[in-house]
Structures are given as C-alpha cells and as structure tokens.
Amino acid sequence: MMEADGFQVVSKKKAARKKHLKKPQVNLNLPQDNVDECVRKILDAKDVLQSSGGYNNFEHNLNNITRLTQTQGGESYKISSLVCYGLGLPSSSRIAKYQTALLLILRNYFNVEAELYDPLFTSVDTRVLQKFNFHVLSNNEEGKRSVKGVTLFFMPHCGKELYNNLLWANWNPVSLPLCIIIGNSFSSMVQNTLSRILKQQYKFIYLAESLFKEYPLEALVGYDDIFNDMSLHIIPEDLTDKQNDNLWCDKDEPKYVECGVEIVLVKAETSESKIRTCTQVIVCKSDKKFNELKI
Ligand SMILES: C[S@@+](CC[C@H](N)C(=O)[O-])C[C@H]1O[C@@H](n2cnc3c(N)ncnc32)[C@H](O)[C@@H]1O
C-alpha cells in the first residue's frame with residue numbers, strides 16, 4: 001500500500017502477523033571462504049538483490065528517506081553517516097554475505113562512508129570488508145553512538161540490547177529523529193517480548209516504537225532468513241515541540257544483568273566470553289545449506 005508520505009507500507013498489525021522465523025544466529029564452525037571467493041560471492045549477491053522483485057519497492061523507500069529528510073531540514077539533513085553493527089561473518093555466512101551486499105547498495109545510494117563493527121569478525125572478514133573500502137571499527141561502542149547528523153544504522157538481526165543502547169544514546173528530541181534504522185522490526189520486538197521485561201530491560205525500544213514509523217523490508221530475496229522481520233524505521237515528524245515531554249526525563253543508562261543477553265560488552269570482551277556468547281546461539285540451518293546454494 002502506498003502511504004501519503006510516499007513510502008510503501010505494510011501496516012504494523014499485518015507486519016506483526018507475519019510468520020516469525022527463528023532469529024538467525026552466528027555459527028563459528030562453518031567453513032570459511034578465502035578473501036577473493038568471499039568478495040566474488042558478495043558481488044554476486046548484490047546482483048541478485050538488485051534484480052529481485054522487491055528491489056524497486058526498497059529503492060522507492062530509499063528515495064523517500066532522502067525526500068523526507070530534506071523536507072524536514074533541507075540539505076543539511078541529508079544522510080551523513082552509515083553505521084553497521086552486528087553484520088555477522090561474511091566469510092562463512094550466506095546471510096551475512098547478502099547483508100554485506102545490501103550495505104554496499106546503501107553506501108552507494110547515499111554516497112557516504114560506512115563504518116562497521118562486529119566483535120566476531122575474523123581477519124578474513126576484516127580483509128573482505130576492507131577490500132570494499134568499508135571502515136572496520138576497532139572499538140566496541142556497544143551500539144551507543146551519539147549522532148551528530150542524520151545517520152543510517154544497519155543492524156541486521158541484532159540483539160535487543162544494541163537497539164536499546166542506540167536509542168538511549170540519542171534519547172532527546174533533537175538526536176532521535178536523526179537516527180534512521182534498518183533492523184529488526186520494533187513492533188515485532190515489542191509484541192514478542194514480555195511486557196515486564198520490555199519495560200525493565202528494553203525501555204527505550206518500548207518508548208520508541210510509537211515514535212518511529214516502520215516500513216518492512218519485503219521480498220528482497222527468495223530466502224527469507226536474510227531480511228526477515230526487518231524494517232526501515234524513521235521518525236516522520238519534528239519532535240522539537242515535544243521538548244518538555246516526560247518522555248525524555250528518565251534516561252538511566254541501560255544495564256543488562258540477566259543471562260541470555262545478545263550483546264558483547266566491552267568489559268566482557270575476552271575470547272572466553274566471545275566463545276560463550278557464540279555457543280549460546282543456535283546454528284543457523286540455512287547457513288549449513290550454504291554450499292548447496294549458488295552464493
Ligand atoms: C544474531 S547475530 C546476527 C548476524 C547476522 N547479521 C545475521 O542476520 O545472521 C547478532 C550479531 O550481533 C553481534 N554483536 C554482539 N555484540 C555486538 C556489539 N557490541 N557491537 C556490534 N555487534 C555486536 C554478534 O557478534 C552477532 O554477529
């Protein structure tokens with residue numbers, strides 16, 4: 001359905017009714033491609049995406065990001081940075097290869113530098129990403145990037161903690177609308193998390209869900225484990241008249257104490273904890289089938 005603001009949209013209810021696939025997880029034991037092989041497969045994946053049935057719809061929504069940001073604040077509001085957290089391992093994951101391909105498309109479309117961080121990147125992943133001239137960050141920001149200008153975040157299938165941290169770091173009426181997020185559907189996260197846990201641990205996701213408008217990424221590829229349950233999130237209005245709302249008052253830094261959290265924290269970033277984080281996660285079945293597929 002076409003909205004008045006020009007975006008192609010699927011209603012939140014409809015989005016929430018979509019079949020929820022198990023969130024893909026990282027498996028460290030899959031065979032790794034070498035750098036050249038991996039680069040080639042990512043370029044092939046980019047071709048697949050650009051010739052897919054859903055691509056026109058996706059590009060249409062990208063055009064509307066440009067239009068909307070310019071309507072809000074003129075030229076100075078155009079996207080100035082692209083940040084990707086939680087890409088996974090392109091050298092061994094088919095899903096991460098396609099997501100890297102989408103990142104290439106986003107970077108080219110907006111003509112900005114792209115910065116990436118995933119604590120699990122191997123040296124092969126880093127070399128592949130550097131071949132594409134991506135800037136691989138060496139610091140774990142824990143998703144707490146405070147934006148200075150309009151920033152597009154690409155956070156494919158990240159844990160809720162990363163989104164919650166990002167929202168916290170920009171929790172004011174000026175910075176929040178500068179964050180455009182392509183990642184797990186906020187409305188799905190809200191609907192699929194126990195209300196008590198949501199309000200205690202992921203308060204900023206809970207509060208932000210009604211501020212952001214979301215546009216599901218649909219049918220970019222035939223394999224729906226790559227972009228499933230992901231949306232483009234954007235705040236369509238100026239929030240400066242909400243400066244005095246209670247909404248902004250309580251912004252204690254989030255702390256994640258319960259086990260099962262899906263974020264690697266700076267303090268815990270030892271090899272042991274990385275291994276623990278990865279063994280908690282389930283093997284992605286479709287990545288097992290990787291060799292049977294073309295890419
Ligand atoms: C569920 S996996 C998603 C991987 C891939 N994007 C996919 O869709 O299969 C979540 C990713 O978040 C990464 N991650 C965990 N903590 C992070 C942090 N502090 N900063 C950036 N990425 C992080 C993990 O290493 C993992 O690769």
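Structure notes:
- Any hit, segment 115-135, residues being closer than 24 Å to Val174 by Cα, in contact with a Ser or Thr (Cβ under 8 Å, 6 or more places away or on another chain) and either more than 9 Å from the ligand (Cβ to nearest atom) or not hydrophobic (A, V, I, L, M, F, W, C) (or both): yes
- Residue match in segment 233-254 (condition: loosely packed, with under 15 Cβ neighbours inside 10 Å, at pLDDT below 90 and among the aliphatic types (A, V, I, L, M)): no
- Residues satisfying the stated conditions in segment 143-152, i.e. in contact (Cβ under 8 Å) with a residue 60 or more places away in the chain and within 11 Å of the ligand (Cβ to nearest atom): Gly143, Arg145
- Members of segment 224-250 that are of a type outside the set (A, V, I, L, M) and within 16 Å of the ligand (Cβ to nearest atom): Asp224, Asp225, Phe227, Asn228, Asp229, Ser231
- Taking the listed residues Leu178, Leu162, the one that is more than 24 Å from Tyr77 (Cβ to Cβ) and touching a Gly at 6+ places or on another chain (Cβ under 7 Å) is Leu162, with no other qualifying.
- Any hit, segment 12-29, residues being at pLDDT 65 or above and over 18 Å from the mean Cα position of the chain (by Cα): yes
- Qualifying residues in segment 101-160 (those that are among the small types (Gly, Ala, Ser) and surrounded by fewer than 17 Cβ atoms within 10 Å (Cβ to Cβ)) - the one nearest to Lys267 (Cα to Cα): Ser138
- Residue check, Gln99 closer than 27 Å to Asn170 by Cβ, in a helix (DSSP H, G or I) and touching a strand residue (DSSP E or B) at 6+ places or on another chain (Cβ under 9 Å): yes
- Test: residue in segment 135-157 that is at pLDDT 95 or above, part of a loop (DSSP other than H, G, I, E, B) and farther than 30 Å from Lys255 by Cβ: no
- Positions within segment 33-69 being modelled with pLDDT of 90 or more, among the polar types (S, T, N, Q) and in a loop (DSSP other than H, G, I, E, B), in sequence order: Asn34, Ser51
- Taking residues in segment 179-190 that are over 14 Å from Tyr206 (Cβ atoms) and modelled with pLDDT under 95, and partners anywhere that are surrounded by fewer than 21 Cβ atoms within 10 Å (Cβ to Cβ) and of a type in the set (A, V, I, L, M, F, W, C), not one pair has Cβ atoms closer than 7 Å while being at least 6 places apart or on different chains.
- Restricting segment 161-208 to residues that are in contact with a strand residue (DSSP E or B) (Cβ under 9 Å, 6 or more places away or on another chain) and in a loop (DSSP other than H, G, I, E, B), the residue that is nearest to the ligand (Cβ to nearest atom) is Ser185.
The values are calculated or read from the model by the stated rules, or taken from the named source; none is laboratory data. As the structure is a computational prediction, the values presented were derived from the model and not from experiment. Every residue, glycine among them, receives a Cβ derived from its backbone with ideal geometry; neighbour counts consider all protein chains shown.
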